[in-house]
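Take a look at the structure below.
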Amino acid sequence: MIEYGLLKAGGGKAVGSLLMPSAALVIGGVLVWQLWQDKKAIRDLKQTAKDTQQLKQQLADLQTAHSATVAQISSLQTGLATATPARAISVPPSLTTTSPQSTSSPSKLAMLKRLVEDNLSLRKNL
Amino acid sequence: MSTIFHVGIDLGTSRTSIATSTGKRLTTRTCVGYAKDVIAQKRFGKPFLLGDTALDNRLALNMVWPLAEGVICEDEKALEATSLILQNIIDEALPEKKAGDQIYAAIGVPAQASITNKKAIIDTTRSVLSKVLIVSEPFSVAYSIDRFDECLIIDIGAGTTDLCRMHGAMPEAEDQTTLKVGGNFLDQQITQAILARYPDVQLSAQIIRRIKEKYGYVSEKSDPIVVTLTEKGIPKEYEITDILRECCLQLTDPISQAMQQLVGSFDPDFQARLRQNIIVAGGGSRLKGIDIALEKSLSPYGGGEAICVQDAEYCGAIGALKMCLEMPPEYWEQL
Ligand SMILES: Nc1ncnc2c1ncn2[C@@H]1O[C@H](COP(=O)(O)OP(=O)(O)OP(=O)(O)O)[C@@H](O)[C@H]1O
Ligand SMILES: [Mg+2]
């Protein structure tokens with residue numbers, strides 16, 4: 001590795017110069033410290049890559065689960081449209097007329113009158 | 001010249017539907033979602049969303065189902081929400097309405113709605129509606145199919161099931177029963193039963209409702225029912241044939257009992273006619289085999305005939321509209 005090479009080169013220089021042993025010691029120390037820092041950075045980088053990989057996997061799993069649920073819901077929905085009972089009573093066609101037409105049936109009139117009375121007594125209590 | 005529009009509304013626990021004299025029909029979920037925070041409010045551009053749109057964005061909203069208990073919950077928020085829902089569905093159904101036009105409405109409410117409740121509805125709609133008539137929901141179902149003679153209406157809704165005996169006149173209190181069970185109760189039963197058998201399975205209210213609506217049945221037999229559910233996100237198949245039937249029976253058993261009670265306490269000369277004319281309405285009438293199951297439960301009494309309404313979603317609103325249209329103007333004037 002480059003860092004290692006640098007250390008070696010720096011070290012050689014320091015050994016060659018007996019005049020400045022303390023300076024060599026400081027430089028050596030700095031280089032060792034830097035090497036250690038770089039190693040740590042690489043370790044961190046490797047860990048981050050691993051984490052990212054794991055997250056990607058989790059995301060893929062979630063996507064699978066999500067599409068399964070979506071498929072499940074839509075398969076249920078297609079069934080809904082067809083769910084009408086076999087025997088059924090329908091609203092009479094007379095109802096397609098939407099304009100007001102007062103009823104002339106005495107029994108209906110009696111019921112509507114009663115309904116209005118009930119509603120009036122409801123308002124009295126307001 | 002000002003126009004008078006007529007509308008029939010079915011104000012239900014889970015759905016609100018409208019039918020208008022202009023031939024429009026609309027339905028929406030009976031819910032309002034209020035933005036949870038400023039960010040949500042910014043995103044939606046308003047403080048609340050309504051109906052299905054609210055449901056779709058529910059994670060960012062505080063949901064209010066004002067009729068959750070089958071009647072308007074008596075608090076400010078629920079009243080406000082009810083009024084928002086009604087105003088909105090009316091506006092959407094009548095886009096042609098101009099200032100000065102009038103709306104006459106009949107609103108179907110659960111049979112057991114309290115006087116306070118009915119008044120609250122009149123109050124909250126005063127600004128939108130010129131005339132309001134409050135009617136009981138089973139009566140509007142009867143009106144929609146023109147059945148006022150001896151028959152028994154069974155309206156299986158989300159919050160409650162209303163049973164109402166018709167005998168040619170306005171039904172009285174003794175003709176009606178409201179059971180506190182309906183589609184929501186069934187959803188709870190199914191959730192509990194599935195979790196009891198498969199504890200790790202992931203369920204949501206939507207999934208349960210869809211399973212119920214697609215597969216729910218009370219017939220004697222059924223093809224095996226296998227649904228795909230997830231466990232920690234992994235899809236798997238689960239067999240729920242028996243679970244589903246047992247749960248559905250927990251809904252239909254009390255309905256059968258209430259039906260027997262209303263038939264048994266009727267004028268004996270007319271009991272047979274009542275038994276032969278059982279009419280099942282509401283979303284719950286879609287449960288497979290429910291007509292046959294109700295008929296079977298009447299066999300000790302001499303048998304009966306049950307039939308489901310075709311237009312379960314709108315028949316309440318249609319009946320209410322029909323009432324509006326057939327009501328003489330002098331009756332409206334009294335209101
Ligand atoms: N195919 C189906 N099988 C079983 N249940 C169904 C089916 N379709 C709809 N439902 C249920 O019916 C209920 C809704 O019925 P409906 O619209 O009549 O209720 P609602 O009028 O809003 O309620 P309520 O009458 O209690 O106020 C829901 O619980 C829904 O899940
Ligand atoms: Mg209803």
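The values are calculated or read from the model by the stated rules, or taken from the named source; none is laboratory data. If you're wondering where the values come from, they're calculated on a predicted model, not measured in any experiment. Using ideal geometry, Cβ is built from the backbone for each residue, glycine included, and neighbour counts are taken over all protein chains shown. Protein only, heavy atoms only, side chains kept; ligands, DNA and RNA dropped before computing areas. Shrake-Rupley method; radii C 1.70, N 1.55, O 1.52, S 1.80 Å.
Brief remarks on what is shown
- Label-to-label distance, nm, for residues given as A:VAL70 and A:ALA88 (7 Å Cα→Cβ offset): 3.1 nm
- For segment B:31-68 and segment B:113-172, distance of Cα centres in Å: 29 Å
- Taking N as its residue count, the alpha carbon Rg of segment B:127-217 over 2.2 N^0.38 Å: 1.48
- Exceeding the 26 Å Cα-Cα cut-off - candidates B:LYS46/B:LYS180; B:LYS77/B:LYS131; B:LYS46/B:LYS77: B:LYS46/B:LYS180
- P(r), alpha carbons of the protein assembly as shown - 20 Å bins starting at zero, rounded %: 21, 44, 18, 7, 7, 3, 0
- 3J(HN,Hα) along segment B:91-104, derived from phi through the Karplus expression 6.51 cos²θ - 1.76 cosθ + 1.60 where θ = phi - 60°, amounts to 4, 5, 6, 10, x, 7, 5, 10, 4, x, 6, 10, 10, 9 Hz, with x in place of Gly and Pro.
- Under Karplus coefficients 6.51, -1.76 and 1.60, residue-wise ³J(HN,Hα) of segment B:195-210 in Hz, glycine/proline x: 5, 5, 7, 10, x, 9, 6, 9, 10, 10, 4, 5, 4, 4, 4, 5
- Averaged over peptide B:326-333, the number of partner chain Cβ atoms lying within 10 Å of each residue's Cβ comes to 5.
- Segment B:2-9 - phi-based ³J(HN,Hα) in whole Hz, Karplus 6.51/-1.76/1.60, Gly and Pro as x: 7, 9, 10, 9, 10, 9, x, 10
- Interchain or long-range residues, amide H under 5 Å from B:ARG15's placed H: B:THR30
- Among B:8-21, B:37-50, the order from most to least packed when residues are scored by Cβ within 10 Å on average: B:8-21, B:37-50
- Mean Cβ count within 10 Å, highest first, over the residues of peptides A:36-43, B:211-218, A:102-109: B:211-218, A:102-109, A:36-43
- Inter-chain neighbour count for B:230-237: the average number of beta-carbon atoms from partner chains within 10 Å of each residue's beta-carbon is 4.
- About its Cα centre, segment B:228-267 has a charge dipole of approximately 160 debye under the convention of +1 per Lys or Arg Cβ and -1 per Asp or Glu Cβ, with nothing else charged.
- Highest-first arrangement of B:90-102, B:141-153, where packing means the average Cβ count within 10 Å: B:141-153, B:90-102
- Amide H to amide H distances under 5 Å link B:VAL135 with B:ILE107, B:GLY108, B:VAL109, where only residues 5 or more positions off or on other chains count and H is placed in the peptide plane.
- Once B binds A, the 1.4 Å probe can no longer reach about 4600 Å² of accessible area, counting both sides.
- Flagged links, alpha-carbon separation over 19 Å, of A:LYS124/B:LYS322; B:LYS221/B:LYS296; B:LYS98/B:LYS322: A:LYS124/B:LYS322; B:LYS98/B:LYS322
- Sequence-distant lysines (8 or more away, or on other chains) whose Cα lies within less than 30 Å of A:LYS50: A:LYS39, A:LYS40, B:LYS232, B:LYS236
- Complex-versus-alone comparison for segment B:284-325, residues with a loss of 20 Å² or more in accessible area, probe 1.4 Å: B:ARG286, B:ASP291, B:ILE307, B:CYS308, B:GLN310, B:ILE318, B:LYS322, B:LEU325
- Measure of compaction for chain B (Cα Rg per 2.2 N^0.38 Å): 1.05
- Rounded to 5, percent antiparallel among DSSP beta bridges of chain B: 60 percent
- Cβ-derived FRET efficiency at R0 60 Å, B:MET1 paired with B:VAL201, nearest 0.05: 0.45
- Scanning residues 5 or more positions from B:GLN276 or on other chains, those with amide H under 5 Å from its amide H are B:GLU305, with H placed 1.01 Å from N in the peptide plane.
- For segment B:10-101, the carbon plus sulfur part of the accessible surface works out to 51%, probe radius 1.4 Å.
- Sites A:LYS113 and B:THR53 - FRET efficiency at Förster radius 35 Å, r taken between beta-carbons, to 0.05: 0.25
- Mean accessible surface per residue for segment B:147-308, computed with a 1.4 Å probe while every protein chain stays in place, in Å²: 44 Å²
- Full extension of the chain segment joining B:ASP146 with B:SER222 gains 23.9 nm, where the gain is 0.36 nm per residue of separation less the Cα-Cα distance.
- Peptide A:99-105, shielding by other chains (average Cβ, 10 Å cutoff): 5
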